[in-house]
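Working notes for the structure below.
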Amino acid sequence: MAQTDNKKFFENLTGAGKAIAVLTSGGDAQGMNAAVRAVVRMGIYVGAKVYFVHEGYQGMVDGGDNIKEATWESVSSMLQMGGTVIGSARCKDFRSHEGRLKAAHNLVQRGITNLCVIGGDGSLTGANLFREEWSGLLAELVEQGLIDEEAAQKYSALHIVGMVGSIDNDFCGTDMTIGTDSALHRIIEVVDAIMTTAQSHQRTFVLEVMGRHCGYLALVSALACGADWVLIPEMPPEDGWEEKMCEKLSAKRAGMKRLNIIIVAEGAIDRNNQPITSEHVKNLVVQRLGFDTRVTILGHVQRGGTPSAFDRILASRMGVEAVLALLETTANTPACVVSLCGNQSVRLPLMECVQMTQEVQKAMDEKRFEEAVRLRGRSFENNLKTYKLLAHRKPESELPHSNFNVAVLNVGAPAAGMNAAVRSAVRVGISEGHKMFAVSDGFEGFYKGQIKEVKWADVGGWTGQGGSLLGTKRTLPAKHIGKIAEQMRTYNINALLVIGGFEAFLGIMELLAARGTYEELCVPMVMVPATVSNNVPGSDLSIGADTALNAITDQQWVPKLKATVTFTV
């Protein structure tokens, strides 16, 4: 039924007689090419003419060969390329009225009245100003005799749709911007590589990542690699943070951990809006603890390389939505930006999002840091809470008291991210005062009694480990329900958390079906989907599916496949 509706919907839309121009502006971001490709092919699909604008706004001002008609074949093989093949440039000329007048003339000459801009908030703000001035610019062109009245009437309205291409994820109104996921992959690759040398020499590493005004990359990479400390501009550390950080690093070393990782956003500040540099953090650690400490500044490595699978898909979906928005717009429709909200492409008023983005910086300047975090959006706020919860253990005296025992197990084929899920579950449970039990080898280990209590430190370093450290099997519980119930009674298990694929789903269904026979099974049961196949009902994306997609799209997959085969044998 959905397919029929979509077909009918697309048949009613036509781009015949319309011309769309697409440009990339500002800093480059992985996935921009995928967005350009989607705009071109969707535009051609609906019958519109589509033009490349090379070198961003500078190409629009200069005109000539910088504005070329695109064909279906001209965007072949662009999907997997990093950067932007149509070029991007910072353009001073477009900031002037004379520059925008030249740009308007160049567009009108080609009959272009639909503009798709891929860039940051500055680029999108410039596009909106261009739209607002459009009628006045055409009137000037008529006065100067560069176009006639008929052309001014025919091309009287300029329609704008934006897509945010920025590795910083610093634009309010969208859960993720094009390029952010790829930049995170670059950071995690570096962290994983650094951890091996850090562990060998018992070193502390301070990693500086991009984010002049936004700490998203620093925060999420710290969450993804289990960093010991993170410094971001939206939520500066409390006064006296230096002592607390050093205490934590020292405690980790005392607990036999051989390395420490500290991640610093390049725009990190303290409560007085003074910068906290990676070099300053290094000196603190050396002077107070005497640890061998090194600084690594990632720089433009984060922008480079091929886009991740997620960025290719996100940019493709956004590009299609951008063309649909241009086809449906009217002369009175305000400029919109295509955003990601809850895994869906949505259209939001462009300037409302820009103003909210600017409010974040204003809140930081005025030291309203809680407000700055809230303005960043639900995703940022949740990531910050999760990092604090998982990275900083409360003293025993502050933990709530609970008699609740929770068992955690992996079921089905291993999937990347299973260990991170177990770590999170264990640490959240302990923070709530519960006793956490780890079950080895899935339901098979459950009925055999392979169950033991797991503590906070037991799951340290699990975040970046592949496979399943608990062990996992595809065995379903139906034949051993009685023994599983007996083990639940023995260990007084009050809740089950099953992390796995479709076998986990079926296993829980079998346990639920046996509740009438075994009272011990009448406890809360939760399943967390973890499967590279992404085949669990009710879940948009399972743990492990994104990693599997990246393995497939990685250009270096052949040697990795060989290594996997060797390991399996």
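The values are calculated or read from the model by the stated rules, or taken from the named source; none is laboratory data. Only a predicted model underlies this, so the values are computations on that prediction, with no experimental measurement involved. As a convention, Cβ positions derive from the backbone with ideal geometry for all residues, glycine included, and neighbour counts pool all protein chains shown. Please note that ligands, DNA and RNA were not included when accessible areas were found on the heavy atoms of the full protein model with its side chains. Shrake-Rupley method; radii C 1.70, N 1.55, O 1.52, S 1.80 Å.
At a glance:
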quantity	calculated
Subset of segment 153-183 that is among the hydrophobic types (A, V, I, L, M, F, W, C) and open to solvent by 20 Å² or more (accessible area, probe 1.4 Å) - its residue that is nearest to A19 (Cα to Cα)	A157
Residue that is closer than 19 Å to I67 by Cα and either touching a strand residue (DSSP E or B) at 6+ places or on another chain (Cβ under 8 Å) or surrounded by 15 or more Cβ atoms within 10 Å (Cβ to Cβ) (or both), where the choices are T125, T113	T113
Residue under evaluation V439, criteria (1) without any contact (Cβ under 8 Å) to a residue 40 or more places away in the chain; (2) over 31 Å from the mean Cα position of the chain (by Cα); (3) more than 27 Å from L541 (Cβ to Cβ), criterion not met	(3)
From the options T71, T84, residue that is modelled with pLDDT under 95 and open to solvent by 20 Å² or more (accessible area, probe 1.4 Å)	T84
Selected residue (only one of R294, R258 is under 18 Å from T197 (Cβ atoms) and either free of Cβ contacts under 8 Å to residues at least 40 places away in the same chain or not in a loop (DSSP other than H, G, I, E, B) (or both))	R294
Residues (small (G, A, S) and out of contact with any helix residue (DSSP H, G or I) (no Cβ under 7 Å at 6 or more places or on another chain)) located in segment 468-497	G482, A495
Residues within segment 195-237 that are in a helix (DSSP H, G or I), touching a helix residue (DSSP H, G or I) at 6+ places or on another chain (Cβ under 9 Å) and open to solvent by less than 30 Å² (accessible area, probe 1.4 Å), tallied	8
Odd one out for R288, checked against (1) farther than 25 Å from H213 by Cα; (2) in a helix (DSSP H, G or I); (3) open to solvent by less than 50 Å² (accessible area, probe 1.4 Å)	(3)
Residue that is nearest to D554 (Cα to Cα) [pool: residues in segment 39-90 that are of a type in the set (K, R) and more than 29 Å from the chain's Cα centre (by Cα)]	K68
Number of positions in segment 27-37 that are open to solvent by less than 10 Å² (accessible area, probe 1.4 Å) and closer than 12 Å to M78 by Cα	7
Members of segment 528-545 that are crowded, with 20+ Cβ neighbours inside 10 Å, modelled with pLDDT under 95 and of a type outside the set (V, I, T)	S542, G544, A545
Residue that is nearest to Y447 (Cα to Cα), among those in segment 499-535 that are in contact (Cβ under 8 Å) with a residue 60 or more places away in the chain and of a type in the set (A, V, I, L, M, F, W, C)	A504
Residue in segment 467-477 that is nearest to T196 (Cα to Cα), counting only those that are in contact (Cβ under 8 Å) with a residue 40 or more places away in the chain and open to solvent by 50 Å² or more (accessible area, probe 1.4 Å)	L469
Failed criterion for L340 (all others in (1) within 19 Å of the chain's Cα centre (by Cα); (2) of a type in the set (A, V, I, L, M); (3) open to solvent by 50 Å² or more (accessible area, probe 1.4 Å) hold)	(3)
Cβ pairs under 9 Å, 6+ apart, first in segment 340-354 and free of Cβ contacts under 8 Å to residues at least 60 places away in the same chain, second assigned to a loop (DSSP other than H, G, I, E, B) and open to solvent by 60 Å² or more (accessible area, probe 1.4 Å)	P349/P334
In segment 238-256, the residues that are open to solvent by 20 Å² or more (accessible area, probe 1.4 Å), within 30 Å of K362 (Cα to Cα) and in contact with a helix residue (DSSP H, G or I) (Cβ under 9 Å, 6 or more places away or on another chain)	E238, E242, E243
Residue match in segment 263-284 (condition: closer than 26 Å to A21 by Cα and among the acidic types (D, E))	no
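For (1) touching a Cys at 6+ places or on another chain (Cβ under 7 Å); (2) surrounded by fewer than 22 Cβ atoms within 10 Å (Cβ to Cβ); (3) within 30 Å of V532 (Cβ to Cβ), each residue gets a yes or a no:
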| residue | (1), (2), (3) |
| --- | --- |
| L348 | yes, yes, no |
| D365 | no, yes, no |
| G377 | yes, yes, yes |
| Y387 | no, yes, yes |
| L399 | no, yes, no |
| G442 | no, no, yes |
| I451 | no, yes, yes |
| V459 | no, no, yes |
| W462 | no, yes, yes |
